[in-house]
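Novice: Would you mind keeping the following structure in view while I ask a few things?
The values are calculated or read from the model by the stated rules, or taken from the named source; none is laboratory data. All of these numbers come straight from a predicted model, not from anything done at the bench. Cβ placement follows ideal geometry from the backbone for every residue including glycine, while neighbour counts extend to all protein chains displayed. What goes into the accessible areas is simple: the full protein's heavy atoms, side chains included, and nothing from ligands, DNA or RNA. Shrake-Rupley method; radii C 1.70, N 1.55, O 1.52, S 1.80 Å.
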Amino acid sequence: MLAGTGAISRAAPDELTLRLQDALAGQPVPGASLVLLQGGQLAGSAHCGVLAAGQSAPVNAETVFEAASMSKPVFAYLVLQQVQRGRLDLDRPVMHYLPQEVFKPPQAWQRLITTRMLLTHRSGLPNWRSEADEATGSLHIASAPGERFSY
């Protein structure tokens, strides 16, 4: 989306803002933030536009954007890095890695869900927690872990 991204890392903050504004021009996006990292360090940032169409509240460094499904491949990549480092086993139940308080009340099916099942949408967990589950702190499965794909 941003042309000439190699030059952006050396751009002044004002230039970053101008480039972000140019990239958003004509797009159906009310606002955006751009953060550049080099060597794990903040190299620059730009924020422009508003939080929502028709509103006047501006986007700033504190604005939280919903990433939704765009974060899934990034998360999977980070998980697989931990697998490569030997810190995580794809086929070990995730309860081994989580505090016991995560799922209340404890259910037998919770001991069956593995990291691989979570990454491949075969855990049996629903896509959303129901209001009843939210109120009670419980969680119900939609199908047996590993039984079928569900997204």
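Novice: Would you check which residues across the stretch 32-86 are under 30 Å from residue 116 (Cα atoms) and among the β-branched types (Val, Ile, Thr) and list them?
Specialist: 64, 74, 79, 83
Novice: Answer yes if at least one residue in the stretch 97-110 is in contact (Cβ under 8 Å) with a residue 12 or more places away in the chain and within 13 Å of residue 146 (Cα to Cα), and no otherwise.
Specialist: Checking the stretch 97-110: at least one residue is in contact (Cβ under 8 Å) with a residue 12 or more places away in the chain and within 13 Å of residue 146 (Cα to Cα).
Novice: Given the condition in contact with a His (Cβ under 6 Å, 6 or more places away or on another chain), at pLDDT 85 or above and not in a strand (DSSP E or B), answer yes or no: does some residue in the stretch 52-60 qualify? Give the derivation first.
Specialist: The initial filter retains those residues of the stretch 52-60 that are in contact with a His (Cβ under 6 Å, 6 or more places away or on another chain), namely 59-60.
Pick out the ones that are also at pLDDT 85 or above and you get 59-60.
Filter once more, so that each one left must be not in a strand (DSSP E or B): 59-60.
Yes; the residues of the stretch 52-60 include at least one that is in contact with a His (Cβ under 6 Å, 6 or more places away or on another chain), at pLDDT 85 or above and not in a strand (DSSP E or B).
Novice: Filter the stretch 127-151 for residues that are touching a His at 6+ places or on another chain (Cβ under 7 Å) and under 23 Å from residue 79 (Cα atoms); which is modelled with the lowest pLDDT?
Specialist: As a first pass, look at the stretch 127-151 and keep what is touching a His at 6+ places or on another chain (Cβ under 7 Å): 133, 149-151.
With under 23 Å from residue 79 (Cα atoms) added as a condition, the list becomes 149-151.
Details: 149: 93, 150: 90, 151: 83.
Checked the stretch 127-151; the qualifying residue modelled with the lowest pLDDT is 151.
Novice: Looking only at residues in the stretch 130-143 that are touching a Leu at 6+ places or on another chain (Cβ under 8 Å) and under 24 Å from residue 92 (Cβ atoms), which one is least open to solvent (accessible area, probe 1.4 Å)? I'd like the intermediate steps shown before the answer.
Specialist: Our first condition is that a residue be touching a Leu at 6+ places or on another chain (Cβ under 8 Å); within the stretch 130-143, this holds for 133, 139, 141-142.
Imposing the further condition that a residue be under 24 Å from residue 92 (Cβ atoms) reduces the set to 139, 141-142.
Details: 139: 32, 141: 54, 142: 66 Å².
Restricting to residues being touching a Leu at 6+ places or on another chain (Cβ under 8 Å) and under 24 Å from residue 92 (Cβ atoms), the top hit is 139.
Novice: Follow-up question, since we're still on this one. Could you list, in sequence order, all residues of the stretch 55-82 that are more than 27 Å from residue 14 (Cβ to Cβ) and in contact (Cβ under 8 Å) with a residue 24 or more places away in the chain?
Specialist: The answer is 76, 79.
Novice: Determine which member of the set 123, 56, 130, 138 is hydroxyl-bearing (Ser, Thr, Tyr) and under 30 Å from residue 25 (Cβ atoms). So that I can check it myself, show each step before the final result.
Specialist: Values: 123 fails: under 30 Å from residue 25 (Cβ atoms); 130 fails: under 30 Å from residue 25 (Cβ atoms); 138 fails: under 30 Å from residue 25 (Cβ atoms).
Exactly one of 123, 56, 130, 138 is hydroxyl-bearing (Ser, Thr, Tyr) and under 30 Å from residue 25 (Cβ atoms), namely 56.
Novice: Same structure again: Name the residues in the stretch 70-87 that are assigned to a loop (DSSP other than H, G, I, E, B) and open to solvent by 100 Å² or more (accessible area, probe 1.4 Å), would you? Write out each step before concluding.
Specialist: Going residue by residue through the stretch 70-87, those that are assigned to a loop (DSSP other than H, G, I, E, B) are 85-87.
Scanning the stretch 70-87 gives 85, 87.
Novice: Any idea which residue in the stretch 14-33 is least open to solvent (accessible area, probe 1.4 Å), counting only those that are without any contact (Cβ under 8 Å) to a residue 24 or more places away in the chain and farther than 29 Å from residue 151 by Cα? Before the answer, list the steps.
Specialist: Kept after step one, since they are without any contact (Cβ under 8 Å) to a residue 24 or more places away in the chain, are these residues of the stretch 14-33: 14-15, 18, 22-23, 25-29.
Right, trim to farther than 29 Å from residue 151 by Cα and you get 14-15, 18, 22-23, 25-26.
Numbers: 14: 121, 15: 72, 18: 102, 22: 115, 23: 16, 25: 69, 26: 85 Å².
This residue is 23.
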